[in-house]
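Below: the structure, in structure tokens.
The values are calculated or read from the model by the stated rules, or taken from the named source; none is laboratory data. Note that this is a predicted model, so its numbers are computed, not measured. FYI the Cβ positions are ideal-geometry reconstructions off the backbone, even for glycines, and counts take in every protein chain you see. For accessibility, only protein heavy atoms count, side chains too; no ligands or nucleic acids. Shrake-Rupley method; radii C 1.70, N 1.55, O 1.52, S 1.80 Å.
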Amino acid sequence: YCGMVAIVGRPNVGKSTLLNKLLGQKVSITSKKPQTTRHRIMGIHTDGPSQIIFIDTPGLHIEEKRAINRLMNRAAASSLADVAMVIFVVDGMTWTADDEMVLQKLQHRNDARKIILAINKVDNIKDKEALFPYLNQLAQKFDFDEILPISASKGTNVQRILDMARESL
Ligand code: GDP
Ligand code: MG
């Protein structure tokens, strides 16, 4: 079993932290290829017969006027083709216009077998009940295969994401 999983989301939601946690989880890392932040960062996760290539997208930028942003958008969008699963990472506290734009791109390109929503930084949220209205709102925007509250830095539910990635191959 071998396949690609893309991690998408606006800057600063915790994509890179999640990638590192996913690769550090339990298993051996055969290759980790950091490039500049303007390019894709990939990590290969090997576990028995399965090999998952995680792609940390360089962030989708609303501003397309500058050539570099156009290029970055294209790189991020192309990484959504041929992936077994997309992990859409958002911040548990804030939804912005940038998140909305990433979601729109997902709606246009939903050829991935699975799209999951990872609501990150829940360790920051004292009152977990406060999450529910936000969660419901997001569930109505898109038919996600799964909505998972996570903490990329603490590792909460990261194993669950890994299991779903493996199942999506
Ligand atoms: P990226 O731009 O989406 O790749 O985001 P990064 O992984 O670079 O993280 C952006 C910031 O959020 C950093 O300061 C991280 O330490 C912080 N961060 C990431 N994940 C978590 C989390 O689960 N909880 C908390 N409290 N902070 C996090
Ligand atoms: Mg990053």
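Ranking of Arg10, Arg166 by solvent-accessible surface, largest first: Arg166, Arg10 (1.4 Å probe, protein heavy atoms only, all chains present). Largest accessible area first, the residues Asp163, Asp145, Asp56 order themselves as Asp145, Asp163, Asp56 under a 1.4 Å probe with ligands, DNA and RNA left out. Ordered by 1.4 Å accessible area with all protein chains kept, Lys141, Lys154 run largest first as Lys154, Lys141. Restricting the chymotrypsin sites (Phe, Trp or Tyr not before Pro) of region 90-153 to loop positions (DSSP other than H, G, I, E, B) with no more than 10 neighbouring Cβ atoms within 10 Å leaves nothing.
A 22 angstrom limit on the alpha carbon distance is what I want to check against. Which of Lys15/Lys105; Lys21/Lys105; Lys15/Lys114; Lys114/Lys154; Lys126/Lys154 exceed it?
Violating the 22 Å limit, Cα to Cα: Lys21/Lys105; Lys114/Lys154.
Applying the Karplus relation 6.51 cos²θ - 1.76 cosθ + 1.60 with θ = phi - 60° to region 89-104 yields 3J(HN,Hα) values of 9, 10, 8, x, 9, 9, 10, 10, 4, 5, 4, 4, 5, 4, 4, 4 Hz, where x marks Gly and Pro. To the nearest 10, the accessible area of Ser16 is 60 Å² with a 1.4 Å probe.
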